[in-house]
Structure formats: C-alpha cells, structure tokens
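This report refers to the structure that appears directly beneath it.
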Amino acid sequence: MTKPQIRPVTGARYSRIHGVGGYRPVRVVPNSEVLEWIDSSDEWIRTRSGIAERRWAGPDESVTEMSLHAAGKAIAQAGITPEQIGSVIVSTVSHFKQTPAVATEIAQRLGCGTAPAFDISAACAGFGYGLGLADGMIRGGNAEYVLVIGVERLSDLTDRSDRSTAFIFGDGAGAAIVGPSDTPGIGKLVWGSDGSKADLITQTEAWDTAFAKPDAVNGVGEELKWPALRMEGQPVFRWAVWEMAKVAQQALDAAGITADQLGAFIPHQANMRITDAMIKALKLPESVPVARDIAETGNTSAASIPLAMERMLQGGEAHSGDLALIIGFGAGLVYAAAVVTLP
Ligand SMILES: CC(C)(COP(=O)(O)OP(=O)(O)OC[C@H]1O[C@@H](n2cnc3c(N)ncnc32)[C@H](O)[C@@H]1OP(=O)(O)O)[C@@H](O)C(=O)NCCC(=O)NCCS
C-alpha cells in the first residue's frame, strides 16, 4: 500500500511590496523641549545624532490607532481590499498589553476577516523580520497578501532624565502590503542576532521586577519607577558602523546588485552619523538618494524604515520600481537587510 502523501502547497513564484504608508503623531518635540529635561545643546544633539525634532504620540495616538492609519494608506496604495489580506504581522516593542496580540485587533478593525494575526518583537530590525516572514508566507502558499506593520510609542519607554537616550527616540507607525509578483521584488534577507550583546540596548528592568517592589504593589510611598530604555551608545555605534555595513554589503551581493544600481538607500534611522559611515563603507555613489528622515522623526525603531520609505516616495526622492537597500539593526542585538523593489 502506498503511503498517503500530503498535497503539495504552491505559492507565488516571487513577492514584492505593493504599498507603503506611515503615520506620524501630531505633536512635534523639538530639541529645545528636550533641553528642558537634560543638560545638552541643540548643536550637540544635531551634530552627534542628526536629530532636530521628533514626534511624540498623544493619548489618542495608541499603537493600534497609529497602525490603522498607516495600514489604511498602504492598502490604498496597493489597490487591494482588506479582505484580500491573508495575514497581519505587527512588529513592536512598545505595546504594553502582553496578550492578546495587538495584530488581532488591527486585523479585525481593518476588516481582514479571520486572517491570522500576530506580533513579533525584533526591535529596530522588526520591519525586515516582518518582510522576511511575509515573503515566505506568500511564496509558501500560506497567504496572498500580508500586511506588515512596524509601530512604536518609544516616548513611553524614554527616561527624560537620561542624557544618552532622551533625545533619540520618537513615535510612529509604518506599514507595507507585501504580495505576489511576476519578478523578484524582495532579495535574500540577510538577518541574524547576537544575544551576547543583549545588554547594550535594553529595558532597565523587567515588568515583573518593577511591579514586585512593595511600593508598586501597595500603590503607596515612592512612585513606581517605570522601566525605560537604556543604551550603551558607543559600543552600539561601533557595532552598527562596522558590522552592519558588512551585512548591508552581503544583502547587495546576495541580490546580485551593485551599489550604483540602487535607487535608494533606506537604513534604519538610528543616527545620521551611522548612516554616513555606512555610505562610506558601501562606497555608495552620491547619486543614490539616502533616507535622512531621522532629522524630523527621531529613532522610531520598527517604524523607521517604512516611514522613511514613504517620505522618499512622496517627496519624489525615490521612485516606484527603483531598487532600495534596506537595513534594520538594534536591541537584541538583531539585524535584517535586503534589496527590495519600491512600491
Ligand atoms: C548616543 C550617542 C549619540 C552619544 O554620542 P557619543 O559621542 O558616543 O557620546 P558619549 O557618551 O561618548 O559622550 C561624549 C561626550 O558628550 C557628553 N554627552 C553625552 N550625552 C550628552 C548630551 N545628551 N548632550 C551633551 N553632551 C552629552 C558626554 O558627557 C561626553 O563628554 P566628555 O567628553 O566631556 O566626557 C552615540 O553613542 C550614538 O549615536 N550611539 C548609537 C546609538 C544608536 O544608534 N542607537 C540606536 C541603535 S537602534
């Protein structure tokens, strides 16, 4: 008797990004406001990080609401209906309800029917991780279109008294619709992690440790010190400049693309000096437009690449069909880079 065989699944041959959208909170926080919290100067912040201002979310601009705005724009650009979305992936480190995943509420409110929906935690590499998962689902036959969202309210995790991080982080959401394609639209993802460097960017303490303090439990006495993000700036800077330039080059090589063939370079918006060092290491020709969204947006972790991508496309700096090199890197440490065709 022949053994029963599982029916093979066939998906699309290739995938690509069909639409991208972003949401930037209304409130602009200029460097002058940051100077009310820390001993610094506008010039220091601009020259050391490239940041002039960032957006911080208000009470109505929740992770869910920001995601819905960004997703709506990506869906519209892709020209699909929410029912066609076969999965919703939300990458975030700043959604404070552990369960259920925020992705399920977003899927339901968008009208994605019973599409599988889940959250991932991959910090500033989150958009790339989501893109890789979406590509696999589409080519593996488990979804036709996938909504990938990167969303953060990092202001909630910012210690305003910490000179090394108070000026860096911002809030926002970026979304992309990934779907089938006749030609390759997402190159090989070069991704990875290095848990030996987990302490370089981390939450000051776990929620259970924070809440286990007697005063927090009783709600009396000293005010609970809300956990915040801590970063050892210099080692992170060195790692990003040396190791991530190599990863970006590997993504180019894996895609069979040379730097001069790019229509855009869209690195995670961590620090303008990191971007400039990568440009040098990659020998990126001056003719290739580079995302510099950090100046107005700060570091929005998982949201930074789709937000910067949307800005470049809307501003006419980059064009639909161009090739873009994207690279995300951050807490974990984690990273993900790929060459993609712009929607
Ligand atoms: C955070 C960062 C901008 C700090 O810059 P840096 O040059 O490394 O700063 P350092 O901590 O070495 O401090 C250098 C000097 O600036 C001072 N300084 C530190 N923070 C300051 C601030 N906010 N304002 C003014 N001066 C500051 C320090 O006291 C020190 O002064 P000294 O030389 O008199 O001792 C930088 O390390 C960085 O960008 N790291 C990578 C961060 C990043 O990209 N993270 C995201 C990854 S997802």
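The values are calculated or read from the model by the stated rules, or taken from the named source; none is laboratory data. In this text, all values refer to a predicted model and were calculated from it rather than measured experimentally. With ideal geometry, Cβ positions are generated from the backbone for all residues, glycine too; neighbour counts draw on all protein chains shown. When the accessible area is computed, the model is the full protein with side chains, heavy atoms only, and any ligands, DNA or RNA have been set aside. Shrake-Rupley method; radii C 1.70, N 1.55, O 1.52, S 1.80 Å.
Entry note, the stretch 236-343: relative contact order of 34 percent, from Cα contacts under 8 Å with a spacing of 6+ residues.
Mean sequence separation of contacting Cα pairs (under 8 Å, at least six apart), scaled by the length of the chain, corresponds to a relative contact order of 26 percent. Placing unit charges on each Cβ (+1 for Lys and Arg, -1 for Asp and Glu) gives the stretch 1-128 a dipole about its Cα centre, and among Ile75, Thr99, Thr47 the Cα reaching farthest toward its positive end belongs to Ile75.
Order 166-172, 130-136, 244-250 from most to least packed using the mean count of other Cβ atoms within 10 Å. Intermediate results must be reported in sequence, preceding the final value.
On the way: 166-172: 26.3, 130-136: 23.9, 244-250: 19.1.
Answer by packing, highest mean first, reads 166-172, 130-136, 244-250.
If you place +1 on the Cβ of every Lys and Arg and -1 on the Cβ of every Asp and Glu, how big does the dipole about the Cα centre of the chain come out, in debye to the nearest 20? Before the final figure, lay out each step's value.
Working: 29 positive and 38 negative charges, 211 e Å.
In debye, rounded to 20, the chain gives about 1020.
Could you please state, rounded to a whole Å, how far the C-alpha centre of the stretch 236-308 is from the C-alpha centre of the stretch 150-214? Centre-to-centre distance over Cα atoms comes out at 17 Å.
Let me make sure I get this right: for the stretch 78-228, a, b and c are the square roots of the gyration tensor eigenvalues over alpha carbons, sorted descending. Under 1.5 in a/c it's rounded, otherwise prolate if a/b > b/c, else oblate. Which is it? Could the numbers behind the result be given before it?
Details: a/c = 2.63, a/b = 1.86, b/c = 1.41.
Because a/c hits 1.5 or more and a/b exceeds b/c, the stretch 78-228 counts as prolate.
Rounded to the nearest 10 square angstrom, Lys97 shows an accessible area of 130 square angstrom against a 1.4 Å probe.
When only the Cβ of Lys, Arg, Asp and Glu is charged (+1, +1, -1, -1), the dipole of the stretch 177-327 relative to its Cα centre reaches about 340 debye. Note that the stretch 303-317 has calculated 3J(HN,Hα) couplings of 8, 5, 5, x, 5, 5, 5, 4, 4, 5, 6, 5, x, x, 6 Hz, one per residue in order, obtained from phi through the Karplus relation 6.51 cos²θ - 1.76 cosθ + 1.60 (θ = phi - 60°); glycine and proline are x.
Rounded, prolate or oblate, given the Cα gyration tensor of the chain, with a/c below 1.5 counting as rounded?
Oblate.
In the chain, helices alone account for a calculated mean residue ellipticity at 222 nm of -9500 deg cm²/dmol, with every DSSP H run of four or more residues adding -39,500 (n - 2.57).
Longest segment of the chain with no GluC sites (Glu not before Pro) in a DSSP loop having at most 12 other Cβ atoms within 10 Å?
Values: sites that count: Glu36, Glu222, Glu223, Glu286.
The reported range is 37-221.
Solvent exposure of the stretch 247-286, expressed per residue, is 43 Å² of accessible area, with all protein chains present and a 1.4 angstrom probe.
What pairs in Lys197/Lys225; Lys97/Lys197; Lys197/Lys280; Lys188/Lys246; Lys246/Lys283 have C-alpha atoms more than 22 Å from each other? Before the final figure, lay out each step's value.
Details: Lys197/Lys225 25 Å; Lys97/Lys197 26 Å; Lys197/Lys280 25 Å; Lys188/Lys246 15 Å; Lys246/Lys283 12 Å.
Among Lys197/Lys225; Lys97/Lys197; Lys197/Lys280; Lys188/Lys246; Lys246/Lys283, the Cα-Cα distance tops 22 Å for Lys197/Lys225; Lys97/Lys197; Lys197/Lys280.
The 3J(HN,Hα) values that the Karplus relation (6.51, -1.76, 1.60; θ = phi - 60°) gives for the stretch 252-257 are, in residue order, 4, 4, 5, 7, x, 10 Hz. Gly and Pro appear as x.
What does the charge count around Pro184 come to, taking other residues whose C-beta lies under 9 Å from its C-beta (Lys +1, Arg +1, Asp -1, Glu -1)? List each step's numbers first, then the result.
Numbers: positive: Arg13, Arg16; negative: none.
After counting each charged neighbour, the total is +2.
With protein chains left intact and a 1.4 Å probe, residues in the stretch 78-170 average 37 Å² of accessible area per residue.
For the stretch 49-139, the relative contact order is 28 percent, taking Cα pairs closer than 8 Å that sit 6 or more residues apart in sequence and dividing their mean separation by the residue count. Coupling constants for the stretch 131-138 follow from the phi torsions by the Karplus curve (6.51 cos²θ - 1.76 cosθ + 1.60, θ = phi - 60°), and in residue order they are 4, x, 5, 4, 4, x, 5, 6 Hz; glycine and proline get x. Here the Debye sum runs over all C-alpha atoms of the stretch 207-343 as equal scatterers in vacuum, and log10 of I(q)/I(0) at q = 0.09, 0.15, 0.20 Å⁻¹ comes out as -0.35, -0.71, -1.13.
Taking the 1.4 Å solvent-accessible surface of the stretch 63-125 as the whole, the part contributed by carbon and sulfur is 53%. Of the solvent-accessible surface of the stretch 169-293, computed with a 1.4 Å probe and all protein chains present, 54% belongs to carbon and sulfur.
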